[in-house]
Amino acid sequence: MSQNETPLFSGLIAHAKKNPVQFHIPGHKKGTGIDPDFRKFIGDNALSIDLINIGPLDDLHSPKGIIKQAQELAAEAFGADYTFFSVQGTSGAIMTMVMTVCGPGDKIIVPRNVHKSVMSAIVFSGAIPVFIHPEIDEDLGISHGITTEAVAKALDQHPDAKGVLVINPTYFGISADLRKIVEIAHSYNVPVLVDEAHGVHIHFHDELPLSAMQAGADMAATSVHKLGGSMTQSSVLNVKEGLVSVGRVQSILSMLTTTSTSYLLLASLDVARKRLATEGKELITKTIALAQAIRKRINHIDKLYCVGSEILKSKAAFDYDPTKLIISVKDLGISGYEVEKWLRDRHNIEVELSDLYNILCIVTPGDTENEADILVKALAELAEESILRDGQIEPLQVYLPDIPLLALTPRDAFYSETETVPFEESEGRITAEFIMVYPPGIPIFIPGEIITKENLLYIQKNLEVGLPVQGPEDDEIKTIRVIKEYKAIK
């Protein structure tokens, strides 16, 4: 088949045109049974292909027809041996990767700044994480990747590990030397699993970091919806045969996937693959040029700094994706969250992420010079207002969380007998729940870690500026669930 073809999307359209009488779910029956206002907004075309896994439309859990064809085209496009479509987002694909190689008591080498889905999979599988400290950028207050030396050291100490998981690129677009990491891991016959949530486009342009498949990784969970043009919640899991069982990948993914798979999401993966494979290089070339132009303009604004290639000064920052605009605002004396809120309230601009010191804006083929002008002019206005209002601005001091000690495996902690204690009295206790700022969804604490005063302060700082701290059962973060302690009876 040709990369210009879309077997899944075309098959859905052909089926809808037949206009069959439907005595099957979904109950809205091509939109006639849905709320009229919703139908008017969404449109009859979309509702006509919101279907279910009836015979002519194949089944994601055991594909033999148009879904199988679409996945084979995707595998060819991504340089994989097999590609699996995920309607559980990249989180589902990441959990599949971990649970494919790990069972109870198995070790897996992971960076400490992994997404919560990795830690969720570790809890579910009963695996034991061997943490590698990511490199910290103390100027920006963000984590980068892991070094080849750290991976080599971890494997030397734990040659029985069942996998090495790498974030490539990070949420902020920074890549490690993935090819070298793969070489090191494979010398121990250990598979490399890549969280490629923020890198679907890198495979299709030679001015971007190496993709997981190009670097020889064994599995990669890739968000097509984030930067590749498919609908939200649709992702792919790319696999190379050898150190992992493709059959087990299919089985685990099926266990984690709804049986009522969305054909709208699946079809959007099919057409996104087509566009990336046939037009990706041209589209991404224009996107890189636009992003670099925005970066240059922002760096002419007083007190703002948009990170460029100069960040590549360490072993963990081996390459970077210029379509990610990391904009440091700490020299304005205000938090990234305050900037996010100001841009929303004053200019109707929504950014991808804010933290204590930065905002992150992503540039994709969906952006034009018009959006670029709106962003740059708004940031220039923000800087001018801040300087006029505050006179002598005091830059924010970057404060970073530490990496706590793991006292229990995440699974043991999650399923232990627990109790809640006041937030301010939790220092020294072992947490039984996740606490993170989302986005990016990197845990400050995971179940099994000893709560530190420094990280409690870091959580408090995030709460004070209004950043979305998530995870605990108590959404006001006044209490934390910890492992129950039994004191001696007097």
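The values are calculated or read from the model by the stated rules, or taken from the named source; none is laboratory data. Only a predicted model underlies this, so the values are computations on that prediction, with no experimental measurement involved. Glycine gets a Cβ as well: all are built from the backbone with ideal geometry, and neighbour counts include every protein chain shown. The area values use the complete protein model at the heavy-atom level, side chains included, leaving out ligands, DNA and RNA. Shrake-Rupley method; radii C 1.70, N 1.55, O 1.52, S 1.80 Å.
With respect to the numbered conditions (1) modelled with pLDDT under 95; (2) of a type in the set (A, V, I, L, M, F, W, C); (3) farther than 30 Å from SER328 by Cα, which one is the sole condition not fulfilled by VAL421?
That leaves (1) as the condition not met.
Using beta carbons and a limit of 9 Å, which pairs, at least six apart or on different chains, have the first residue in region 146-158 and open to solvent by 90 Å² or more (accessible area, probe 1.4 Å) and the second one among the hydrophobic types (A, V, I, L, M, F, W, C)?
LYS153/ILE132; GLN157/VAL130
Give me the helices (runs of 4 or more DSSP H) completely within region 42-117, filtered to those with at least 3 residues that are buried (at least 24 other Cβ atoms within 10 Å of the Cβ), ordered by residue number.
Once the helices (runs of 4 or more DSSP H) in region 42-117 are filtered for at least 3 residues that are buried (at least 24 other Cβ atoms within 10 Å of the Cβ), what remains is 66-78, 89-101.
Look through region 426-464, keep the residues that are part of a helix (DSSP H, G or I) and of a type in the set (A, V, I, L, M, F, W, C), and return whichever of them is surrounded by the fewest Cβ atoms within 10 Å (Cβ to Cβ). Walk me through it before giving the result.
Pass one, region 426-464, residues part of a helix (DSSP H, G or I): 453-464.
Pick out the ones that are also of a type in the set (A, V, I, L, M, F, W, C) and you get 456-457, 459, 463.
On the way: LEU456: 20, LEU457: 12, ILE459: 23, LEU463: 15.
The extreme case among them is LEU457.
When residues of region 1-41 are filtered for being loosely packed, with under 14 Cβ neighbours inside 10 Å and of a type in the set (Lys, Arg), how many remain?
3
Exactly one condition in (1) part of a helix (DSSP H, G or I); (2) touching a residue at least 24 places away in the same chain (Cβ under 8 Å); (3) over 19 Å from ASP206 (Cα atoms) is false for GLY247; which is it?
(2)
Go through region 465-481 and report how many residues are among the β-branched types (Val, Ile, Thr), within 20 Å of ARG112 (Cα to Cα) and open to solvent by 20 Å² or more (accessible area, probe 1.4 Å). Before you say what the answer is, go through the steps one by one.
Residues of region 465-481 among the β-branched types (Val, Ile, Thr): 465, 469, 477, 479-480.
After this cut, where a residue has to be within 20 Å of ARG112 (Cα to Cα) as well, the list is 469.
With open to solvent by 20 Å² or more (accessible area, probe 1.4 Å) added as a condition, the list becomes none.
Of the residues in region 465-481, 0 are among the β-branched types (Val, Ile, Thr), within 20 Å of ARG112 (Cα to Cα) and open to solvent by 20 Å² or more (accessible area, probe 1.4 Å).
So which residues in region 380-425 are part of a helix (DSSP H, G or I) and among the polar types (S, T, N, Q), if there are any at all?
If the condition is that a residue be part of a helix (DSSP H, G or I) and among the polar types (S, T, N, Q), then SER386 is the only one that fits.
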